[in-house]
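Enquirer: Dumping the structure here so I can ask a few things about it.
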Amino acid sequence: MNKKHFIGMLIVLLISGFVIWQELRKTPVKALWGASKKLNINFLLLVLLVMVLSYACEAAIIWILEHKKGEPHRSAWSFFRIPIIQALFNAITPLSTGGQPSQLVAMIQMGIEGGRATSILLMKFIIYQICVLFAYVSTIIFGFHMVITKFSGLALFILIGFILHVSSIIFLLAIMFAYHWTKSATNWLMNLLERFMNKNTVEKWRKNTMEKIETFYAEGQNLKREKKKLLGASILTIGQLLCFYSIPYLILLALNLTPSWLEVTQMNIMIIMFMAIVPIPGASGGAEFSFQTLFTTFIHSNILLTLGMFLWRFTTYFFGMILGIFGWLFKPKKIRSH
């Protein structure tokens with residue numbers, strides 16, 4: 001990690017700490033301490049276990065996509081450290097831009113050749129985006145009315161996040177299933193941009209975009225040929241998403257509340273869509289605000305809301321950061337492919 005990464009980590013800690021401190025100012029410390037002693041410890045431990053299980057599912061996805069006959073055996077730790085390192089760099093870089101590069105570095109450190117590591121991560125990314133598409137679309141269809149009726153202020157931002165996510169996923173699917181049309185449409189768009197912008201700049205965009213289209217198309221074809229790997233990785237990706245999306249529900253159970261899993265999960269998915277457009281490391285500030293705004297539906301006590309917000313932020317961000325720091329420090333033995 002370099003100086004920029006430490007600055008990003010500091011920003012997350014400062015902004016999140018400030019938001020929580022603002023809430024603590026309105027909440028009597030004795031009352032908060034009393035509420036924390038009433039927490040359901042079993043569900044609290046389950047929250048952390050499910051978060052670890054989410055990382056384990058992601059590690060297993062990489063193992064499935066990496067595994068082939070004749071490949072040397074690598075330790076479970078070498079695979080598990082990949083998603084937790086990603087969690088660390090997702091949290092400390094704006095718009096989670098550091099997650100993918102950090103995974104690539106972690107895979108190279110365990111002995112996987114750079115080109116093959118990139119290919120594996122692209123296949124994983126494609127599978128993840130397809131699964132996420134179904135989650136987002138179903139949530140908007142069946143759950144968006146809750147936000148429209150109760151929190152109209154956030155509805156627009158959630159909708160923007162949804163459009164950005166779905167647009168990028170549709171573009172990815174178009175590359176896989178309408179390759180020639182996508183290339184033609186991209187060229188048409190670049191030709192249009194050349195009328196209004198510097199031609200050299202647009203030409204660089206054209207070249208980079210075309211290279212990415214070629215790469216995604218090639219990996220999409222690889223996935224189609226590896227049907228067993230595709231099925232296994234897809235099932236694990238659904239498991240990973242279910243674990244991660246269920247965290248707020250389990251936190252509410254730890255607070256001795258009994259909400260609907262479906263409603264809470266739909267709300268959480270919409271929070272994630274909103275946080276995607278907050279250009280601050282870890283979506284700091286926006287994450288706390290959105291949690292506080294949306295989850296007042298299920299938590300009517302300011303004390304429990306503050307406690308729940310802290311538990312949610314710790315589990316989904318700081319817990320991953322802590323694990324990621326250990327993952328970064330304790331490197332596995334480097335085992336090169338034959």
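Enquirer: Does Leu193 satisfy the condition of being modelled with pLDDT of 85 or more, part of a loop (DSSP other than H, G, I, E, B), more than 30 Å from Ile127 (Cβ to Cβ) and open to solvent by less than 80 Å² (accessible area, probe 1.4 Å)?
Expert: Taking the combined requirement at face value, the residue does not satisfy it.
Enquirer: It is to be established whether one or more residues within segment 122-129 are assigned to a helix (DSSP H, G or I), open to solvent by 30 Å² or more (accessible area, probe 1.4 Å) and of a type in the set (D, E, K, R).
Expert: No, every residue in segment 122-129 fails to be assigned to a helix (DSSP H, G or I), open to solvent by 30 Å² or more (accessible area, probe 1.4 Å) and of a type in the set (D, E, K, R).
Enquirer: Another question, if that's okay. Look through segment 75-119, keep the residues that are surrounded by fewer than 21 Cβ atoms within 10 Å (Cβ to Cβ) and at pLDDT 85 or above, and return whichever of them is farthest from Met51 (Cα to Cα).
Expert: Filtering segment 75-119 for residues that are surrounded by fewer than 21 Cβ atoms within 10 Å (Cβ to Cβ) and at pLDDT 85 or above, the one farthest from Met51 (Cα to Cα) comes out as Gly111.
Enquirer: On to the next question. Just checking, does segment 324-338 include any residue being buried (at least 19 other Cβ atoms within 10 Å of the Cβ), modelled with pLDDT of 70 or more and under 14 Å from Gly161 (Cβ atoms)?
Expert: No, there is no match, as no residue in segment 324-338 is buried (at least 19 other Cβ atoms within 10 Å of the Cβ), modelled with pLDDT of 70 or more and under 14 Å from Gly161 (Cβ atoms).
Enquirer: Find the residue count for segment 208-232, including only residues that are surrounded by 16 or more Cβ atoms within 10 Å (Cβ to Cβ) and among the aliphatic types (A, V, I, L, M).
Expert: 3
Enquirer: Oh, and also: Kindly check whether there is at least one residue in segment 107-120 that is farther than 30 Å from Gly327 by Cα, without any contact (Cβ under 8 Å) to a residue 24 or more places away in the chain and β-branched (Val, Ile, Thr).
Expert: Within segment 107-120 (the criterion being farther than 30 Å from Gly327 by Cα, without any contact (Cβ under 8 Å) to a residue 24 or more places away in the chain and β-branched (Val, Ile, Thr)), the answer is no, since none of the residues qualifies.
Enquirer: Here are the criteria: (1) in a helix (DSSP H, G or I); (2) at pLDDT 85 or above; (3) β-branched (Val, Ile, Thr). Tell me which single one Thr258 does not satisfy.
Expert: The number of the failed condition is (1).
Enquirer: Would you check which residues across segment 196-207 are open to solvent by less than 90 Å² (accessible area, probe 1.4 Å) and within 17 Å of Lys183 (Cβ to Cβ) and list them?
Expert: Answer for segment 196-207, where residues must be open to solvent by less than 90 Å² (accessible area, probe 1.4 Å) and within 17 Å of Lys183 (Cβ to Cβ): Val202, Glu203, Arg206.
Enquirer: Also: If I filter segment 147-157 for residues that are open to solvent by less than 50 Å² (accessible area, probe 1.4 Å), farther than 27 Å from Phe216 by Cα and either without any contact (Cβ under 8 Å) to a residue 24 or more places away in the chain or not in a helix (DSSP H, G or I) (or both), do I get at least one hit?
Expert: Scanning segment 147-157 turns up at least one residue that is open to solvent by less than 50 Å² (accessible area, probe 1.4 Å), farther than 27 Å from Phe216 by Cα and either without any contact (Cβ under 8 Å) to a residue 24 or more places away in the chain or not in a helix (DSSP H, G or I) (or both).
Enquirer: Out of the helices (runs of 4 or more DSSP H) lying entirely within segment 1-72, which hold 3 or more residues that are surrounded by 11 or more Cβ atoms within 10 Å (Cβ to Cβ), modelled with pLDDT under 65 and among the small types (Gly, Ala, Ser)?
Expert: 3-26
Enquirer: Sticking with this one: Give me the residue from segment 196-230 that is assigned to a helix (DSSP H, G or I) and among the hydrophobic types (A, V, I, L, M, F, W, C) and, out of that set, modelled with the lowest pLDDT.
Expert: Per the criteria, the residue is Leu223.
The values are calculated or read from the model by the stated rules, or taken from the named source; none is laboratory data. Because the structure is predicted, anything quoted here is derived from the model rather than measured. Note that we place each Cβ from the backbone using ideal geometry, even for glycine, and neighbour counts take in every protein chain shown. Surface areas here come from the heavy atoms of the whole protein model, side chains and all, with no ligands, DNA or RNA. Shrake-Rupley method; radii C 1.70, N 1.55, O 1.52, S 1.80 Å.
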